[in-house]
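Asks: Sharing a structure here in structure tokens format.
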Amino acid sequence: MAQYGKKDYWDERYKSDEEHFEWYQRFSGIEHIISKYIKRSDRILVAGCGNSRMSRALYDDGYENITNIDFSEVVINQMSLFEPKLHWEVMDVKDLAYEDGSFDVVIAKGTLDAVLCAGLQDGKRMIEEVDRVLSDGGIFVPISFGLPEKRMELFDPGSLGWQTKVHSVAKPSIENNTVDSKGGFHYVYVCKKGGKEDDDDIVKKECSDDIVKKEECSFSDDQLSKSTLIKKKTKTENPPHDEAPA
Ligand SMILES: C[S@@+](CC[C@H](N)C(=O)[O-])C[C@H]1O[C@@H](n2cnc3c(N)ncnc32)[C@H](O)[C@@H]1O
């Protein structure tokens, strides 16, 4: 749905429900990838942070240099009160108020998918801005439902000079709180700015064709609404359960 690209939609959503939502994956689901590529001393921008607990989990794991941004001032105000130790700013990912090369890592869990709901041009604008604020050798880590055959077009090494590696992570099962590949995958892209073709760490693609063929997808919002949404109650720490986006 095109609404996922609109600020008004997110403002309303965060106003009407202050409980934490974790889109796609919890930190524990992607921790092995984060620790492989990101150093504790890296300057990290979490773009489109929402009210995810990932930044707090990163912080607790020793990644202390984290800046969180979202274009919804509603959620940024809520998160500033909830997690005052962390740094929160209202900002559009398509128009970043940071100098070139300000960050070593930009993490965007679900954000690129949401921005693409506003149109391909918006997605491209976000990527240009991410590229600009990344240091040389820095990495962009979008976590997405979007299949490599679709998303890789956006991370074109020809125009951006990025080398991209893709990791697939099984979607968590809502019913029994387990993880298996039957429910499909999320994709963690690791796009290295200035990576060379023969770079040992970052190769172009790791996904098997098998995985790629399992799901058909496009930039449509419908896909976003079908993606796994995990809801966690702040106080009770209940196991996550499913909720269709409003
Ligand atoms: C799918 S949610 C993901 C939230 C969070 N990253 C998570 O994993 O739970 C997308 C988030 O991106 C934010 N967002 C969408 N478009 C944005 C933009 N152009 N600039 C900044 N934030 C944006 C929304 O407000 C929302 O919080």
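Asks: Checking the conditions here, which among K15, K85, K94 is of a type in the set (K, R) and either under 19 Å from F140 (Cβ atoms) or without any contact (Cβ under 8 Å) to a residue 12 or more places away in the chain (or both)? Spell out how you get there, then give the answer.
Replies: On the way: K15 fails: either under 19 Å from F140 (Cβ atoms) or without any contact (Cβ under 8 Å) to a residue 12 or more places away in the chain (or both); K85 fails: either under 19 Å from F140 (Cβ atoms) or without any contact (Cβ under 8 Å) to a residue 12 or more places away in the chain (or both).
The match here is K94.
Asks: Here's a follow-up. Give the residues of region 1-21 that are more than 11 Å from the ligand (Cβ to nearest atom) and either under 18 Å from the mean Cα position of the chain (by Cα) or modelled with pLDDT under 95 (or both), sorted by residue number.
Replies: The answer is M1, A2, D17, E18, E19.
Asks: Further question: Which of (1) surrounded by fewer than 24 Cβ atoms within 10 Å (Cβ to Cβ); (2) more than 11 Å from the ligand (Cβ to nearest atom) is the odd one out, the single condition V106 does not satisfy?
Replies: (1)
Asks: Name the single residue that is nearest to W23 (Cα to Cα) among those in region 113-125 being in contact (Cβ under 8 Å) with a residue 60 or more places away in the chain and not small (G, A, S).
Replies: Among those that are in contact (Cβ under 8 Å) with a residue 60 or more places away in the chain and not small (G, A, S), it is D113.
Asks: What pairs can you find where one residue is in region 144-162 and assigned to a helix (DSSP H, G or I), the other is β-branched (V, I, T), and their Cβ atoms are less than 8 Å apart, with a gap of 6+ or different chains?
Replies: Sorted first by the residue in region 144-162, then by its partner, the pairs are P148/V166; P148/V212; E149/V212; P157/T164; L160/I127.
Asks: Working only within region 60-77, note down all residues that are free of Cβ contacts under 8 Å to residues at least 40 places away in the same chain, of a type outside the set (S, T, N, Q) and surrounded by 18 or more Cβ atoms within 10 Å (Cβ to Cβ).
Replies: Across region 60-77, the qualifying residues are Y63, I66, I69, I76.
The values are calculated or read from the model by the stated rules, or taken from the named source; none is laboratory data. Bear in mind the structure is a predicted one, so any value in this text is a computation, not a measurement. For neighbour counting, all protein chains shown are included, and Cβ atoms are generated from backbone atoms with ideal geometry for every residue, glycine included.
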